[in-house]
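The structure appears below as structure tokens.
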Amino acid sequence: MTLLCPGEEAWELWKQGPTGGFQPAGTAPMEPDGTPSSVMGARVFAFPVRAAFAVPLWVPSVDAEAVAGALDIQLEKLNLKTEEGGGRLVQQQTLEQTDGQTLALAIVLNERQLKSFPGGGIPDQFEVTPSLFDLPENSLILWRELGKVVAVVTRRDRPVHFQSLGAHVVTQAAVHELELVLMQLDMQGMDAGLENVVLWTDSVDSEGEAALREAFGVPVVHRKKPAPELPEVAAAFLPRQVAEARIAAAERQRTRRLLAVAALVYLAVAGAYGFFAGRDIMAAQALKTQRNALESIAGGVDGERARWLAMLEVTHADRYPLERFYQVAKTLEEGSQVRLTKFTFEPNKLVVAGEAENVPRAINYQNSLSRDPGLADYEWDKTAPRGEKNGFASFQVVGTLKNAISVQP
């Protein structure tokens, strides 16, 4: 399992280890607008806080349909109502129910931050970053995402509100902005009841930390930001671009299946053609066998062919003994240092023996005989040259006439 999550300054890759926890696995390249260049094959994609709106609402009912309808009306009032189309940009969840009332939270993905989705694969799951961390109870948690300070307000251990601030560092101005956020929550009947301000970042100046203590009257605690972890229930978010990409992938898969079916049909047709072609070949072979049988019955053919071959010895000049001797001896130039000691001509065989200055020259002469086009009718049997006491290398080559048919007397 690989998770792509926004870090303090860059997009971070996290890989799930053997024990189930996530371990850092490097960073992903980032575009100038802050979006990742590629999802790097991640199966879980975490949207930063700036890419989502949190809308909490007390609804005077515990009926699920009434709560969902009230949230829809609230989103429409805030101009956050979206046409889902092929995706799902809104998730509703119940945070608390008491005295016939329901505290519900709607999280809306910000379409202005989703103009395009990076390539590199299609993730299986989409989350917002506050859902990926074990949040302290009844606290205001501050950390940095992609260079900006973000704030999350929890009720018990559930996030009831989150937003991205305009500051890069927690300063007095950022604290004033946080005061306005909590004031707005109080006006909506959601008294935060803060017990702590938790800093998961070192990007805070001394005046800002002092302003936090003075503004909220609770301890300010520094803690290391924990590693992300997957929520027990996966969010149902699905950006429209991803929905369209999945539809396109399904169409491609359908096209591949159609091509596979077409290939099977083609193979079936080719197999049928091969069957009938093989049947015709077998029929032709049977006819050839019948022809051979008729030739053997007719008789005289082989004898006439043998006599004709015998006539070749006196009708074809290249079969004269003198011509064969010329073809054997023509390569014996002065520089070859090879001389013949024996030449025997038979109708179907030539025997050539000789001596060479050394073994390599003997081998060269043997090879020249086997490569000579004029002697291509012979199959050559070459013995390895042997060194003699006189310092020369003796050799013998026997050429057998190919396809020779013995002549019956």
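Just a few scattered comments:
- Set 15/225; 77/148; 330/382; 349/389; 349/382 screened for pairs whose C-alpha atoms are more than 22 Å apart: 77/148; 349/389
- Neighbours of residue 136, meaning other residues whose beta-carbon lies under 9 angstrom from its beta-carbon, give a summed charge of -3 when Lys and Arg score +1 and Asp and Glu score -1.
- Euclidean distance between Cα centres, the stretch 15-72 to the stretch 220-252, Å: 5 Å
- Approximate spin-label separation residue 383-residue 188, in nm, with each point projected 7 Å along Cα-to-Cβ: 10.8 nm
- For the stretch 346-409, fraction of C-alpha pairs farther apart than 12 Å, in %: 68 percent
- Per-q log10 I(q)/I(0), the stretch 83-201, q = 0.11, 0.12, 0.19, 0.23 Å⁻¹ (Debye; single scatterer per alpha-carbon; no solvent): -0.44, -0.53, -1.19, -1.47
- Size descriptor for the stretch 1-159, Kirkwood hydrodynamic radius: 17.1 Å (Cα pairs only, one decimal).
- Taking amide H as placed 1.01 Å from N in the peptide plane, the amide H of residue 80 sits under 5 Å from none that are at least 5 places away or on another chain.
- Long-range HN-HN contacts of residue 221 with modeled amide H, under 5 Å: 197, 198, 199
- Shown here is the pair-distance distribution of the stretch 170-247: with all Cα-Cα distances grouped in 10 Å bins from zero up to the longest one, the shares run 15, 32, 26, 19, 8, 0 percent.
- Quotient of the Cα radius of gyration of the stretch 1-69 and 2.2 N^0.38 Å, N being its number of residues: 1.56.
- Using a Förster distance of 22 Å, the FRET efficiency for residue 15-residue 38 (Cβ separation, nearest 0.05): 0.85
- Between the alpha-carbon centres of the stretch 178-209 and the stretch 340-367 there is a gap of 107 Å.
- Sequence-separation-based contact order of the chain, relative, with Cα cut under 8 Å and 6+ spacing, percent: 12 percent
- Pairwise FRET efficiency - residue 304 versus residue 344, Cβ, R0 = 41 Å, nearest 0.05: 0.90
- Taking only the C-alpha atoms of the stretch 101-168, the Rg (one decimal) and the largest Cα-Cα distance, Dmax (whole number), read 14.1, 45 Å.
- For the stretch 55-129, the alpha-carbon coordinates run over 49, 24, 19 Å along the three principal axes, in decreasing order.
- Relative to the current alpha-carbon distance between residue 134 and residue 280, full extension at 0.36 nm per residue lengthens the span by 44.9 nm.
- Carbon/sulfur fraction of accessible area - the stretch 48-125, other protein chains in place, 1.4 Å, %: 46 percent
- Normalised by 2.2 N^0.38 Å, where N is the number of residues, the alpha-carbon radius of gyration of the chain equals 2.16.
- Efficiency of FRET from Cβ geometry, residue 262 and residue 172, R₀ 45 Å, rounded to 0.05: 0.05
- One chain, two ends: residue 337 and residue 222. Fully extended at 0.36 nm per residue, the span grows by 31.5 nm beyond their Cα-Cα distance.
- For the pair residue 124 and residue 396 in one chain, pulling the backbone fully straight at 0.36 nm per residue adds 90.0 nm over the alpha carbon distance.
The values are calculated or read from the model by the stated rules, or taken from the named source; none is laboratory data. Fair warning: this is a prediction, and the values are worked out from it, not measured in the lab. Glycine gets a Cβ as well: all are built from the backbone with ideal geometry, and neighbour counts include every protein chain shown. Calculation scope for accessible area: heavy atoms of the full protein, side chains included, ligands and nucleic acids excluded. Shrake-Rupley method; radii C 1.70, N 1.55, O 1.52, S 1.80 Å.
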